[in-house]
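For reference, the structure is listed below as structure tokens.
The values are calculated or read from the model by the stated rules, or taken from the named source; none is laboratory data. Since the model is a prediction, treat every value here as computed from it, not as a measurement. Here the Cβ positions follow ideal geometry from the backbone for every residue, glycine too, while neighbour counts run over all protein chains shown. Calculation scope for accessible area: heavy atoms of the full protein, side chains included, ligands and nucleic acids excluded. Shrake-Rupley method; radii C 1.70, N 1.55, O 1.52, S 1.80 Å.
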Amino acid sequence: MLQSLRTVFARRVFPNPRLYPALSLVDGVCSGKRFYTPPNERKKFYENVSVSQGEGGFEINLDRRKLRTPQGKVFMVPTEPLALAVATEWDSQKDTIKFFTMHMTTLCNTVLDNPTFRNKEQLIGASLKFLDTDTICYRMEEPPDLVALQKNEWDPALHWAEKRYGVVIGSSTSIMGPVIPPETKEVFHRHLASYNSWALLGIEFITTQLKSLILCMGLVDRFLTVEKAVVLSRLEEEYQIQHWGNVEWAHNIDLYESCARTAAGTLFVHLCSSSSTVKHKLLQD
């Protein structure tokens, strides 16, 4: 079941799904944080997963039971592609439900339950605040090879953003970072306001992972790939590792987790913005 869809997602977007560090899921407890804290695993209690269209959107069915959020609301999403992505997460579970592999469900739960009661303006502000401390705007004065690396790798993304949005951003070696003009912030505010609340949560999630609104928008606008965005966000760390070495297994897992989270957030934004309908035959064996 859902084999065709699962294959497409695996090839196009996701790294190894077993390495996903999910945030929260069904039966998780509202912790007062932006995302729920889930249990690690639960014994699988269903056989079949399907998607049905309700009056206000698309629902996920586990056998004959409707999926619900941690607060008990019917799990209903605005687009069919997003519903199919969530259904794929549930269909991919084996003997136990591994909640840490299910980012799509987590993000949907957070939007639906809104445990911190944030409105659209607050969601915009949560992402916009990263512009003042954006990773690629902070530059080093030494050593020379790191300075050159930052210039060669970060400048193209920075210049793309300035040209794409018609703004001035700049960079700085000061510990205070660059002074972002108010006009630049206003342009980004207007741009973010063009997204719905679902997509804005995904944008905040990506920005938090990368510590960069610029890299996030480069991903959403398809200027950057997931892998490239993650590498750029970890440029200084990778530089230190090349010079001083690393704990191989820990570094690799951390890298895979960053890619998985970033990929899931990017797909979430695109699927929340999609109005296309996917054929129901994809739900058949």
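If the viscosity is 0.890 mPa s and the temperature 25 °C, what Stokes-Einstein diffusion coefficient in µm²/s follows for the stretch 117-204 when Rh is the Kirkwood radius over Cα pairs?
Estimated via Stokes-Einstein, D reaches 173 µm²/s.
Given a 1.4 Å probe and every protein chain left where it sits, what share in percent of the accessible area of the stretch 108-245 is carbon and sulfur?
So the carbon and sulfur contribution to the accessible surface is 58 percent.
By average Cβ neighbour count within 10 Å, what is the ranking of 88-94, 139-145, 260-266 from highest down?
By packing density, highest mean first, the sequence is 260-266, 88-94, 139-145.
Mind ranking 155-164, 74-83 by how tightly packed they are, going by the mean number of other C-beta atoms within 10 angstrom, highest first?
The densest-packed peptide leads the list: 74-83, 155-164.
Could you state the number of Å between the C-alpha centres of the stretch 44-88 and the stretch 196-211?
Going from one Cα centre to the other spans 22 Å.
Could you report the stretch 179-270's accessible area per residue, 1.4 Å probe, as an integer in Å²?
Solvent-accessible surface per residue comes out at 44 Å².
Which ³J(HN,Hα) values in Hz, rounded to whole numbers, follow from the phi angles of the stretch 169-174 under the Karplus curve 6.51 cos²θ - 1.76 cosθ + 1.60, where θ = phi - 60° and Gly and Pro get x?
Karplus values, whole Hz, x for Gly and Pro: 10, x, 9, 7, 9, 6.
Could you tell me the largest-minus-smallest coordinate of the C-alpha atoms of the stretch 74-170 on each of the three principal axes, in descending order and whole angstroms?
53, 34, 24
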